[in-house]
1. Answer with yes or no whether Ile162 is under 30 Å from Ile49 (Cβ atoms), at pLDDT 85 or above and within 23 Å of the chain's Cα centre (by Cα).
2. Within the range 115-124, restricting attention to residues that are open to solvent by less than 70 Å² (accessible area, probe 1.4 Å) and part of a helix (DSSP H, G or I), which residue is nearest to Thr16 (Cα to Cα)?
3. Among the helices (runs of 4 or more DSSP H) confined wholly to the range 1-108, which include 3 or more residues that are surrounded by 11 or more Cβ atoms within 10 Å (Cβ to Cβ) and at pLDDT 85 or above?
4. Give Phe129, Phe112, Phe171 a once-over and let me know the one that is within 22 Å of the chain's Cα centre (by Cα) and open to solvent by 70 Å² or more (accessible area, probe 1.4 Å).
5. Six or more apart or on different chains, Cβ under 9 Å: which pairs go from a residue in the range 37-50 that's farther than 19 Å from Lys170 by Cα to one that's surrounded by fewer than 18 Cβ atoms within 10 Å (Cβ to Cβ)? Could you list them?
Amino acid sequence: MASSYFSNIKYSDSLTLVGISICTAIICEAISYLLIYRTTSYKSLKSTIDKASKKLETMKTNNDPIPSILTKKSKTKKIDRVETSLKESTRDLSLFKFKSGFVVAVVLFMVFGFLNSLFEGKVVAKLPFTPFKIVQKMSHRGLPGDDMTDCSMAFLYFLCSISIRTNLQKFLGFSPPRGSAGAGLFPMPDPKTN
C-alpha cells in the first residue's frame, strides 16, 4: 500500500535515487572510517600534513624588515625542506587511502549496476535547461526520444554522489587535510612581489 502510494508521487524516482545516493555515501564513509580514518597511521599523517602546511604558510608570509642575502638563502632552504616533507606526507596519505578507495569503488560499481537495471530507459528527472552537447551523452544516456531535458539515472546519480559524499566528508571531519590538496603543485606567490 505505502509502496504503491510512493510510486505515484511525481518525483518518486528522483527521490529514490537521492535516497540511495545518501545511503551509499554513508556506507562508503563507514568503510573509509573502518579502514582509514580511525587508524593511528592516518591520524599521525594528517597531523604531520596539517603542521607542515601551517609552518609553510607562516614561513612564506613572515617578512623580515631588512632581509639579508644569508637569511634569504636559509629561509629558501627551510621552505624547500618543509615543502618536500609535505609532498612526501601527502604521497604517503594517498597510498594509505588507496586500499579503502578500492573497496569503495567496488561498492559504488555494484550500486551503479543495481540502479542501472532498476532505472534502465527510464526518465528519472526533468532538467530545467538543455545541457551542452558534451554533457548530453551522460544526461540522456540510455533514454528513448530526443528531448534533451530528460535526465537519466546515471547523470542524477553522478551529481548526487559527488555532492553528497563531499559534503558528508566535510560534515564528519574526514575531508583531506588543508595542505594535501596540491602540496607544491601550485606554489604560493611571494608576498614581496605583490
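The values are calculated or read from the model by the stated rules, or taken from the named source; none is laboratory data. Because the structure is a prediction, the values reported are computed rather than measured. Cβ coordinates were reconstructed from backbone atoms using ideal geometry, including for glycine residues, and neighbour counts include every protein chain displayed. Calculation scope for accessible area: heavy atoms of the full protein, side chains included, ligands and nucleic acids excluded. Shrake-Rupley method; radii C 1.70, N 1.55, O 1.52, S 1.80 Å.
1. Taking the combined requirement at face value, the residue satisfies it.
2. Per the criteria, the residue is Leu115.
3. The helices (runs of 4 or more DSSP H) meeting that bar are 12-32, 40-61.
4. On inspection, the qualifying residue turns out to be Phe171.
5. Within 9 Å, the pairs are Ser41/Asp92; Ser41/Phe96; Thr48/Ser85; Thr48/Asp92.
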